[in-house]
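J.: Provided herewith is a single structure, encoded as structure tokens, for subsequent inquiry.
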Amino acid sequence: MDDIVISKAITQSFTDEFVNYLDVDVAIAGAGPSGLTAGYYLARKGVKTAIYERKLSIGGGMWGGGMMFNRIVVQDEAKPILDEMGVTTIEYQPGYYVADSVEAVSALCYQCVKAGARIFNLISVEDVMIREEDRVSGLVLNWSAVTMANLHVDPLSIKSKWVIDATGHDAEVCRIVVRKIGARLNTSTGEVVGEKPMWAEHGEKDLVAKTGEVYPGLLTSGMAVNAVYGYPRMGPIFGGMIISGKQVAELTVELLR
Ligand code: 48F
């Protein structure tokens, strides 16, 4: 057993892959349920997709279910997606399906990676690349450990035809675009409006209605949509998140054509 071979295998294979993904079709910020679903459907269409996740674990807010009861609820429209991913659901009442959040996250992650999307965890999106007359054209990345330790270390950049902000409640990429270049987003104020109090029915509908392009080169999916447009949060119903992920993938495939 050669320790150096083990070290080489890890560093070389990671570096090869990272270099290969410096120029992608789609870069997704955030590996929560919407980012993972988007990655799965994009990769299934042969789109070169990289997902960058700040944390060690992927899955975002899905692990914890509702208030740490590790169950999620989805509605009729989302059930076929969970079926396709191989997640077991139980109909609790007509139109309300319960799933184990641990199984759901694991399945989304596995299917996303097996479909061909690459997930780079422990990497934070800290800035965007703006080119071609104010179009978002890539992401600026750093190790999350660098950010957490407040080290003065410069980041690296990746180029992307389209960027998807799937960073959840914080809508971080959209906020960066507004802050850094004073961009006007496709929202009522031109800025990130901020999410409104919990209202599952409206939150879910608004999310699906507004998933899409919010600025040239930049799309939003999942909870980031509600944060950007000023729509209600929806709590532990997760159907809208995965529907939004599928929808943003389909839209991006069209845009790439
Ligand atoms: O928050 P998150 O799960 O977003 P989502 O996919 O789903 C929202 C639900 O979990 C829940 C909800 C359901 O009703 O309201 O909140 O829209 O996943 C977002 C992921 O993005 C990562 C973050 O760690 C999380 O895993 N993230 C956030 N900012 C960055 C980031 C960043 N700057 N760089 C990289 N990853």
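J.: When you look at Gly64, is it closer than 21 Å to Leu207 by Cβ, in contact with a strand residue (DSSP E or B) (Cβ under 9 Å, 6 or more places away or on another chain) and within 9 Å of the ligand (Cβ to nearest atom), yes or no? Talk me through it step by step, then tell me what you get.
T.: Values: closer than 21 Å to Leu207 by Cβ: yes; in contact with a strand residue (DSSP E or B) (Cβ under 9 Å, 6 or more places away or on another chain): no; within 9 Å of the ligand (Cβ to nearest atom): yes.
No, not satisfied.
J.: What's the number of the condition Glu53 fails, among (1) under 12 Å from Arg118 (Cβ atoms); (2) open to solvent by less than 10 Å² (accessible area, probe 1.4 Å); (3) within 11 Å of the ligand (Cβ to nearest atom)?
T.: (2)
J.: Checking Cys174 against (1) at pLDDT below 95; (2) within 20 Å of Gly60 (Cβ to Cβ), which test does it fail?
T.: The failed condition is (1).
J.: Still on this structure, please answer the following. For the stretch 235-257, enumerate the residues that are in a helix (DSSP H, G or I) and touching a strand residue (DSSP E or B) at 6+ places or on another chain (Cβ under 7 Å).
T.: Pass one, the stretch 235-257, residues in a helix (DSSP H, G or I): 239-256.
Correct list: Gly239, Val248, Leu251, Thr252, Leu255, Leu256.
J.: Looking for whichever is within 16 Å of the ligand (Cβ to nearest atom), part of a strand (DSSP E or B) and free of Cβ contacts under 8 Å to residues at least 40 places away in the same chain here; the options are Val26, Val98. Which one fits? Explain how you work it out, then say what you get.
T.: On the way: Val26 fails: free of Cβ contacts under 8 Å to residues at least 40 places away in the same chain.
Going through Val26, Val98 in turn, just one is within 16 Å of the ligand (Cβ to nearest atom), part of a strand (DSSP E or B) and free of Cβ contacts under 8 Å to residues at least 40 places away in the same chain: Val98.
J.: Still on this structure: Can you tell me which residue is farthest from the ligand (Cβ to nearest atom) among those in the stretch 234-257 that are of a type in the set (A, V, I, L, M, F, W, C) and crowded, with 24+ Cβ neighbours inside 10 Å?
T.: Just the residues of the stretch 234-257 that are of a type in the set (A, V, I, L, M, F, W, C), to begin with: 234, 237-238, 241-243, 248-249, 251, 253, 255-256.
Still in the list and also crowded, with 24+ Cβ neighbours inside 10 Å: 238, 241-243, 248-249.
On the way: Phe238: 5, Met241: 4, Ile242: 9, Ile243: 11, Val248: 11, Ala249: 13 Å.
Residue satisfying both the conditions and the ranking: Ala249.
J.: Can you tell me which residue in the stretch 3-33 is farthest from Val163 (Cα to Cα), limited to those that are open to solvent by 80 Å² or more (accessible area, probe 1.4 Å) and of a type in the set (Asp, Glu)?
T.: Applying the filter and picking the extreme gives Asp3.
J.: List pairs: first in the stretch 36-50 and within 11 Å of Val253 (Cα to Cα), second open to solvent by less than 10 Å² (accessible area, probe 1.4 Å) and modelled with pLDDT under 95, Cβ under 8 Å, 6+ apart or cross-chain?
T.: From the stretch 36-50, no pairs qualify.
J.: Also: Does Ile58 satisfy the criteria of being more than 22 Å from Ser157 (Cα to Cα) and of a type in the set (Val, Ile, Thr)?
T.: The answer is no for Ile58.
J.: Taking the stretch 114-137, which residues are closer than 13 Å to Ala50 by Cβ and within 15 Å of the chain's Cα centre (by Cα)?
T.: Across the stretch 114-137, the qualifying residues are Ala117, Arg118, Ile119, Phe120, Asn121, Ile123, Val125.
J.: Let me ask you something else. So in the stretch 102-131, with the set limited to residues that are assigned to a loop (DSSP other than H, G, I, E, B) and more than 11 Å from the ligand (Cβ to nearest atom), which one is surrounded by the most Cβ atoms within 10 Å (Cβ to Cβ)?
T.: Of the residues in the stretch 102-131, the ones assigned to a loop (DSSP other than H, G, I, E, B) are 116-117, 122.
Add one more test, that the residue is more than 11 Å from the ligand (Cβ to nearest atom), and what stays is 116-117.
On the way: Gly116: 16, Ala117: 28.
That would be Ala117.
J.: Determine whether Leu22 is hydrophobic (A, V, I, L, M, F, W, C) and within 15 Å of the chain's Cα centre (by Cα).
T.: no
The values are calculated or read from the model by the stated rules, or taken from the named source; none is laboratory data. Quick caveat, the model's predicted, so the values are computed rather than measured. For neighbour counting, all protein chains shown are included, and Cβ atoms are generated from backbone atoms with ideal geometry for every residue, glycine included. Ligands, DNA and RNA are stripped out before the accessible areas are found, and what is left, the full protein with its side chains, is counted by its heavy atoms. Shrake-Rupley method; radii C 1.70, N 1.55, O 1.52, S 1.80 Å.
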